[in-house]
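J.: Dropping the structure in here first, questions after.
The values are calculated or read from the model by the stated rules, or taken from the named source; none is laboratory data. None of the values given here were measured: they were computed from a predicted structure. Don't worry about glycine lacking a Cβ; one is built from the backbone with ideal geometry, like all the others, and counts go over all protein chains shown.
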Amino acid sequence: MTQDDTPVPAGPKPAPGKIDPGALGPAAAIAPRGSPVARAALLAYFLLIVYASWFPFSGWHDNGLSPFSYLNLVKQRYWTGFDAGVNVVGYMPLGALIVLALYPRVRGMWALLLGIVGGILVAGSMEAVQTYLPSRVPSNLDLLTNSIGGLIGALIGVRITRALMVHSRLYALRRRWFTSHASQGLVLIALWPVAQLYPQGYLFGHGQVLPILSDWLSLWLDTPIDLVSLLRPGAGMSVEQYWLSETIITACGMTGAVLTMLCLVRRGAPRFLLMGLLLAAALTVKTISTSLLFGPDNGFVWMTPGANGGFLIGVIMLSGLAFAPQVAQRRLAVVTLVLSLLVVNTIPVNPYFISTLQGWVQGKFLNFNGAAQFLSLLWPFFALWFLVLPSHKLNRH
């Protein structure tokens, strides 16, 4: 018997003329409750905003200006409609998530006000700290557009809260398909397709941190350091070796991510449907990102022989592991994610990836560079942390 199926002790019958809440259906009989998913999503989105706003976190200095000197009426000289639109859209989820995370303790107008004020405070803080970053420029226009985005998001949040929290079919499916402790894990899984926005050297090749660490150490020690070459002397590789490495990275990366999701589902959940939806979402985001970066005709350039082979192997592995015991799935998720990290961090940077990254940083995607890189680099480590935490090693109901 699941935690959600615990019988409710029979109580006294309602007095004549009174309505029995249970007779109105399950939604009416269940008292409003908060959503751990909304709270976890709010925290995750706030961290993404921080990373995106303060990236690249280097060169901190005090230029003698007040951190609030940007709060003026001077018109911004350099801005584009694309940047303004991104600022609005980027803060809409924040405003909505604030309202959803506050439910049911704070509702209605108070939730709306807190969502608006929260968006303004976050946006103002991000701009103020940018005063101490030479690569970032605090802007009153950014504060205005971000605040508008937070306001729109809060309005949407108030509008959809009750339908989403109480009468939502999606919420009913979440309770039916996923375990009671799955809230944080679902947020983690939802971020995996989003992590495909950042151009990786290899399909699903997240967590390639050694090149970043090499750059940081080179700046800190004032001498060139290549950690990949230190771990792999004579790092030159043939085309066949690149393909084999990409095959392993792709197969292990997708297997680890999907198995992490399978650790959260109940026995009666449609596993193959959920796996297909997750993989389809990841490949769709990957294709859209590539199309926007290189043009619609090049949306599928990521389909290399190594990526295709790794994807096929991953599908075969997942087909055999879909109904494995939850403990085995969790352990294999850890193994495949670790193996993917080992290979992706001991292989030379793909020459194609270097040109791709230059196009990403210098193009319109500069607005997303920090947050997207944050997800791409750290998603496997967050997944491993989630998988090994004792509180997440619960048996599936």
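J.: In the stretch 148-191, which residue that is in contact with a strand residue (DSSP E or B) (Cβ under 9 Å, 6 or more places away or on another chain) and buried (at least 21 other Cβ atoms within 10 Å of the Cβ) is nearest to Met275 (Cα to Cα)?
T.: It comes out as Phe178.
J.: Filter the stretch 249-296 for residues that are in contact with a strand residue (DSSP E or B) (Cβ under 7 Å, 6 or more places away or on another chain) and part of a helix (DSSP H, G or I); which is nearest to Arg174 (Cα to Cα)?
T.: Leu274
J.: Taking Leu197 as the residue in question, decide whether it is in the same structural domain as Gly310 (by TED's automatic domain parsing) and more than 19 Å from Val301 (Cα to Cα).
T.: No, not satisfied.
J.: In addition: Out of curiosity, is Arg271 charged (D, E, K, R), under 20 Å from Ala190 (Cα atoms), out of contact with any Ser or Thr (no Cβ under 6 Å at 6 or more places or on another chain) and surrounded by fewer than 23 Cβ atoms within 10 Å (Cβ to Cβ)?
T.: It is true that Arg271 is charged (D, E, K, R), under 20 Å from Ala190 (Cα atoms), out of contact with any Ser or Thr (no Cβ under 6 Å at 6 or more places or on another chain) and surrounded by fewer than 23 Cβ atoms within 10 Å (Cβ to Cβ).
J.: In this structure, does Arg271 turn out to be within 21 Å of the chain's Cα centre (by Cα), basic (Lys, Arg), modelled with pLDDT of 90 or more and farther than 14 Å from Leu203 by Cα?
T.: No, not satisfied.
J.: Going by the structure shown, is Ala38 modelled with pLDDT under 70 and either at negative phi or assigned to a helix (DSSP H, G or I) (or both)?
T.: The answer is no for Ala38.
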